[in-house]
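Peer 1: Sharing a structure below in structure tokens format, with a few things to ask.
The values are calculated or read from the model by the stated rules, or taken from the named source; none is laboratory data. Keep in mind that this is a model prediction, so the values were computed, not measured. Ideal geometry is used to build each Cβ from the backbone, glycine not excepted, and the neighbour counts take in all protein chains shown.
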């Protein structure tokens, strides 16, 4: 299997499904619209030619300034016998943040989707048990979204004067940089 | 299984089932997983898992740390084999930047990573022994693990959370002392391992405890995203080192051990054989160790030697730029996988050219395969559940990220 | 008469104290043996070589908060460790610790009670011993404890059968249920272990199971059940349970020595030309040496073998040990029945 | 599924021979192994009476070095603080005044230099980041303590005593050491 | 944690008196040499704890080889590894279940202060939920450091008065954590 065969097969089976395709660092990446995603993955797994029997990974990415393409869900599939990896991406916006689940196709997707939900709040439609997995159930936000701070507010042993910690990370760095730059001649 | 079922009533007497809370502070769950088991006497009817008890937000922290500081985070993913994580991360960044490292660095990395793999498998197999009640093997093998620690300490100055690699190579070259220790280890360790194997492997009590305990078929294992020794125990010889060789693994001869039915006994044996294979890889790497530098020649990313920093202005500027994280990192996205102690450890890195990753996702093998646990222990006994869990080698740091 | 009474009381006290001290120092020995096997040192900071370690443990336990879980069955919870301790100590009463001693013109046995059905007495008390564990596990109102208790009771019941049958073979060869007689019958190196090796093997396996020692420590197996039946116990109640375990081990070792290794007998004991009292004292020492060896053996096995699983343990008990014990019994019976005929036949043939 | 690597070996043999079925040979074999160890020399190091040698580059407690003349090397550039993943280092700097040349080597120095040892993960990145040979980790292990605030190590505990210098040459490259020798 | 260092009760008629003090010393010594730990090992430090238990360091020398996973029987809660906010209540529950006298040792940077995990999910030091007696720095600490921490605990145990657990200071301390 190589890139051409795969793209052609997808094209002939699902015409026009691929929005963009690229190959960063040798890994074929296809962008698929949400409605087509599940059918495509299903076919990729079950078709004897495609044979992507292994789901390597699912994760979410947050791009705050992209409007209705704010959240990406990235799938890594692997055809073990041909040793061919494929990356699929799909984008959703904040309002319509639903992606179909692929739990029935790969059991492994169950927790990966729960994790993605836990971090980004992306809702996987049809997931049998979509609830938080790593964080506490009581948590009321999705921590991996870029707008939320990393730090814990309860840290007491840190002297904020030195870290410029007003919830703004950049200040910290600038402070230190200024501190450092002043002595560059050293 | 069928044999034992004759002895225990398959249907409970009055339909009353007990709920047993296994963990999070149960000795066998290492304090971090919770399994709520529905028990029919000693038999497990169903299990529900909770995890996240040591969720530390690695991925969030990684978005706020420059590339070189992330090495300290990867240390704490699978802490039984930190160097594999460290070096895997370094290779990911090198892939992103496009750094070719000298062959010598590759070989040094292979030695370190295989030592780490041995130490990881040692922990797992010792713990299988401990959970079946044979504590002594643990003490024998942990002495050998100490020697691996000593070697890590010789290279990097720490035992467990090593922070061993640098982007572009190593912090320092292997010392002669390390070679002494390594040779002594290669000579004496197999004897200790043999003691351990003789005590357990063919002992019927142990075999009865592990054979057909927590089995998983190859097909289910793949579907669940198993990788590493646990997948190989089910009979599928998927190994990242062979399939997508990194760090010159293609130069080495080694076998990929597989099991038959993916039960605890198979997992134990696969790990045991992998230790032997790792030893052979280390020997080969030592024999073929090429001459050369212990780091790539990339002044933008690898810190200049200290003697120049102390003297020359140019080196000092580079030094500052690297430490401050002001070097230019290309933007792009890269997925790099290494064969960790428990399987395919993947780093999915999206860089926007900033000093920190835009997004860094770790494919943590433990997290992915641990969800198969309820399926694996269904219908087995409490003791089996515990042995199955230890043979899966679920590392909390990796599970909860 | 009164002298006999006083001496009996003295013997009782001595044996009681010896039992306790032996149990106490068994814990120390266990730690040291484990350490030796595992290339370690073991406790060495409480006194020279750590010999005060058991005292430290005891002292600590006495002053630890005595905790009774809120939802437990309070009286049974308190009763259980006492019962375990009591039954463990009672077994020591009929062990013949030595031969006869002549003091103040009186001759008496170094045995508290020489009863004719000594073996039945042992079996009886061993069976009651499980009640402590069972009641304790049940009264704790903790599922892990309950599992431990259930495991312990079924295991005890199963292994008593094989144990009884194994002893029966010995009883048949000796022709007495009296422990004193059994020991006397083994005089001059005629140890039962040579005549009944299979019975010995079965008995020692069952003894491990009865004492809840690895590889049969189902009832507490800490990697599965945390502490098993004593999970909820703290302070000296826990101490009693642990103590009872070591006393049981001590008594089991004594019983093994009595039944199969000639008790206080030692080879050539009457050829040395020593006075009767001296022989008795040497005999006692030899007996304790034997006990010590078996205690060591108990520990040695514990730190070597993995543990059985509950159902495998049952399988071993019912499907392997009991049939073997019955076969052994039949062979022994057949041999006793026909040995004269057999001898006659053999001698006729040649 | 076909073999993926073409170099697999099957390592699981679940068939028990008769000798293995009857438990005893393996049990006795195991007993002999443990007995052998009973008579072997133990591996224990009796800490604290004995100590285990640590490697020359072990990353233990920090030290702030002085130069050959006894002046503090630290110039309060803050690189160590930037490099610290745990954000355990804090410092404030001040200009050196006239007459203090013997105390501070550079024109700026740290008036306060604190490491929160409970935060510190001993990763060694500060040592690596220091361009002034000022901060080093040593092979001395950090002691435990009772109070949280006792772990904020200020300059009083970090700067090496002038009469009890800490030798760190083992953790430096040969080039650095020879360079200094040539100075 | 300034409350930890509590002076002995005044000697005299109402105090512990001579005899009681001597008993206290002896029991303190006994306790110190028989500290049964409850390893609450969640992550990396747990592996180093295994190293401390193992032959090369042998924690058994301190009378500590009997790990009691049941909190009722433990004297020393050894918290090793990151404690997240999700884990905090469980840790506290375990502490509450332990029988007096009990001590706590926070092993490693994560347990003591959160370490590098200054993130939304990690408790910034377990002394936010339970009182801590001894802190051991390091990430993870070497076995030597863990032993060092244990010896500090032993020092504390030896000096502790038998009545400390009934003192007002102790009650105030527990109340400040809302325990009991």
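Peer 1: How about region E:49-95: which of its residues are in contact (Cβ under 8 Å) with a residue 40 or more places away in the chain, more than 8 Å from chain B (Cβ to nearest Cβ) and outside any helix (DSSP H, G or I)?
Peer 2: Matches in region E:49-95: E:57, E:64, E:75, E:76, E:77, E:78, E:79, E:80.
Peer 1: When you look at residue B:223, is it without any contact (Cβ under 8 Å) to a residue 40 or more places away in the chain and under 30 Å from residue B:307 (Cβ atoms), yes or no? Explain how you work it out, then say what you get.
Peer 2: On the way: without any contact (Cβ under 8 Å) to a residue 40 or more places away in the chain: yes; under 30 Å from residue B:307 (Cβ atoms): no.
Spelling it out, it is not the case that residue B:223 is without any contact (Cβ under 8 Å) to a residue 40 or more places away in the chain and under 30 Å from residue B:307 (Cβ atoms).
Peer 1: Could I ask something else about it? Taking residue C:38, is it touching a helix residue (DSSP H, G or I) at 6+ places or on another chain (Cβ under 9 Å), at the interface with another protein chain (Cβ under 7 Å from one of its Cβ atoms), in contact (Cβ under 8 Å) with a residue 60 or more places away in the chain and surrounded by 20 or more Cβ atoms within 10 Å (Cβ to Cβ)?
Peer 2: yes
Peer 1: Find all pairs meeting these conditions: Cβ atoms under 6 angstrom apart; at least six residues apart or on different chains; first residue within region C:229-255 and without any contact (Cβ under 8 Å) to a residue 40 or more places away in the chain; second residue crowded, with 24+ Cβ neighbours inside 10 Å.
Peer 2: From residues that are without any contact (Cβ under 8 Å) to a residue 40 or more places away in the chain, there are no pairs.
Peer 1: Give the residues of region B:50-82 that are within 26 Å of residue B:115 (Cβ to Cβ) and within 9 Å of chain E (Cβ to nearest Cβ), sorted by residue number. Steps first, please.
Peer 2: So the first thing to find is which residues in region B:50-82 are within 26 Å of residue B:115 (Cβ to Cβ), and the list is B:54, B:56, B:58, B:62, B:67-82.
Selection gives B:54, B:56, B:58, B:69, B:72, B:73, B:75, B:76, B:79, B:80, B:82.
Peer 1: Another question about this same structure. Using the structure shown, decide if residue B:185 is surrounded by 19 or more Cβ atoms within 10 Å (Cβ to Cβ), more than 14 Å from chain A (Cβ to nearest Cβ) and closer than 23 Å to residue B:130 by Cα.
Peer 2: So residue B:185 fails the test.
Peer 1: Where in region A:1-86 are there strands (runs of 3 or more DSSP E), lying wholly inside it, with at least 1 residues that are within 18 Å of the chain's Cα centre (by Cα) and within 25 Å of residue B:222 (Cβ to Cβ)?
Peer 2: Those strands (runs of 3 or more DSSP E) span A:28-32, A:54-62, A:71-79.
Peer 1: So, one more: What tally of residues in region A:96-118 results from selecting those that are outside any helix (DSSP H, G or I) and touching a helix residue (DSSP H, G or I) at 6+ places or on another chain (Cβ under 7 Å)? Spell out the reasoning first.
Peer 2: So in region A:96-118, the residues outside any helix (DSSP H, G or I) come out as A:96-108.
Checking which are touching a helix residue (DSSP H, G or I) at 6+ places or on another chain (Cβ under 7 Å) leaves us with A:99-103, A:105-108.
Qualifying residue count for the region: 9.
Peer 1: Of the residues E:156, E:162, E:173, which single one is under 20 Å from residue E:101 (Cα atoms) and out of contact with any helix residue (DSSP H, G or I) (no Cβ under 7 Å at 6 or more places or on another chain)?
Peer 2: Numbers: E:162 fails: out of contact with any helix residue (DSSP H, G or I) (no Cβ under 7 Å at 6 or more places or on another chain); E:173 fails: out of contact with any helix residue (DSSP H, G or I) (no Cβ under 7 Å at 6 or more places or on another chain).
Residue meeting the stated conditions: E:156.
Peer 1: Search region D:1-26 for residues being outside any loop (DSSP other than H, G, I, E, B) and either within 7 Å of chain B (Cβ to nearest Cβ) or closer than 22 Å to residue C:44 by Cβ (or both), and hand back the single one that is modelled with the lowest pLDDT.
Peer 2: D:20
Peer 1: Okay, moving on. For the condition surrounded by fewer than 19 Cβ atoms within 10 Å (Cβ to Cβ) and under 30 Å from residue D:100 (Cβ atoms), what is the one hit in D:56, D:67?
Peer 2: Working: D:56 fails: under 30 Å from residue D:100 (Cβ atoms).
Criteria check complete, one pass: D:67.
Peer 1: Search region B:133-149 for residues that are within 7 Å of another protein chain (Cβ to nearest Cβ) and under 13 Å from residue B:181 (Cβ atoms) and pair each with any residue that is modelled with pLDDT of 90 or more and assigned to a helix (DSSP H, G or I) when their beta-carbon atoms are under 7 Å apart and the residues are at least 6 apart or on different chains.
Peer 2: none
Peer 1: Moving to a separate point now. Please go through region C:43-60 and pick out each residue that is within 25 Å of the chain's Cα centre (by Cα) and more than 8 Å from chain E (Cβ to nearest Cβ).
Peer 2: C:51, C:54
Peer 1: Does residue A:87 fit the bill of being outside the structural domain of residue A:73 (by TED's automatic domain parsing), modelled with pLDDT of 50 or more and surrounded by 14 or more Cβ atoms within 10 Å (Cβ to Cβ)?
Peer 2: Spelling it out, it is not the case that residue A:87 is outside the structural domain of residue A:73 (by TED's automatic domain parsing), modelled with pLDDT of 50 or more and surrounded by 14 or more Cβ atoms within 10 Å (Cβ to Cβ).
Peer 1: Looking at the structure I just gave you, is residue E:117 outside any strand (DSSP E or B), at negative phi, in contact with a strand residue (DSSP E or B) (Cβ under 7 Å, 6 or more places away or on another chain) and touching a residue at least 24 places away in the same chain (Cβ under 8 Å)?
Peer 2: Taking the combined requirement at face value, the residue does not satisfy it.
Peer 1: Among the residues of region C:112-130, is any out of contact with any helix residue (DSSP H, G or I) (no Cβ under 7 Å at 6 or more places or on another chain), surrounded by 16 or more Cβ atoms within 10 Å (Cβ to Cβ) and not in a helix (DSSP H, G or I)?
Peer 2: No - not one qualifying residue is present in region C:112-130.
Peer 1: A further question on this structure: Please count how many residues of region C:206-251 are part of a helix (DSSP H, G or I), surrounded by fewer than 24 Cβ atoms within 10 Å (Cβ to Cβ) and at pLDDT below 80.
Peer 2: Of the residues in region C:206-251, 2 are part of a helix (DSSP H, G or I), surrounded by fewer than 24 Cβ atoms within 10 Å (Cβ to Cβ) and at pLDDT below 80.
Peer 1: Let me ask you something else. Among the residues in region B:283-296, are any within 19 Å of the chain's Cα centre (by Cα), under 19 Å from residue D:5 (Cβ atoms) and assigned by TED's automatic domain parsing to the domain that holds residue B:208?
Peer 2: no
Peer 1: Given the structure, is residue D:126 closer than 12 Å to residue D:62 by Cβ, part of a loop (DSSP other than H, G, I, E, B), modelled with pLDDT of 85 or more and within 12 Å of another protein chain (Cβ to nearest Cβ)?
Peer 2: The answer is no for residue D:126.
Peer 1: Please enumerate the residues belonging to region D:27-44 that are at the interface with another protein chain (Cβ under 7 Å from one of its Cβ atoms) and part of a loop (DSSP other than H, G, I, E, B).
Peer 2: Of everything in region D:27-44, those that are at the interface with another protein chain (Cβ under 7 Å from one of its Cβ atoms) and part of a loop (DSSP other than H, G, I, E, B) turn out to be D:40, D:42, D:43, D:44.
Peer 1: Does region C:139-158 include one or more residues that are crowded, with 19+ Cβ neighbours inside 10 Å and over 23 Å from residue C:244 (Cβ atoms)?
Peer 2: Taking every residue of region C:139-158 in turn, none turns out to be crowded, with 19+ Cβ neighbours inside 10 Å and over 23 Å from residue C:244 (Cβ atoms).
Peer 1: Still on this structure, please answer the following. Go through the residues of region B:284-296 one by one and say whether even a single one is crowded, with 21+ Cβ neighbours inside 10 Å, in contact (Cβ under 8 Å) with a residue 40 or more places away in the chain and in contact with a strand residue (DSSP E or B) (Cβ under 6 Å, 6 or more places away or on another chain).
Peer 2: Checked against the condition, which is being crowded, with 21+ Cβ neighbours inside 10 Å, in contact (Cβ under 8 Å) with a residue 40 or more places away in the chain and in contact with a strand residue (DSSP E or B) (Cβ under 6 Å, 6 or more places away or on another chain), region B:284-296 yields at least one hit.
Peer 1: If I ask for residues that are in contact (Cβ under 8 Å) with a residue 40 or more places away in the chain and over 20 Å from residue A:114 (Cβ atoms), which ones from region A:58-88 would you list?
Peer 2: Scanning region A:58-88 gives A:64, A:79, A:82, A:84, A:85, A:86, A:87.
Peer 1: If you don't mind, another one. Identify all residues within region E:26-48 that are within 13 Å of chain C (Cβ to nearest Cβ), without any contact (Cβ under 8 Å) to a residue 60 or more places away in the chain and over 12 Å from residue E:76 (Cα atoms); write none if there are none.
Peer 2: Answer for region E:26-48, where residues must be within 13 Å of chain C (Cβ to nearest Cβ), without any contact (Cβ under 8 Å) to a residue 60 or more places away in the chain and over 12 Å from residue E:76 (Cα atoms): E:26, E:30.
Peer 1: Is it true that residue B:369 is within 14 Å of chain A (Cβ to nearest Cβ) and buried (at least 24 other Cβ atoms within 10 Å of the Cβ)?
Peer 2: yes
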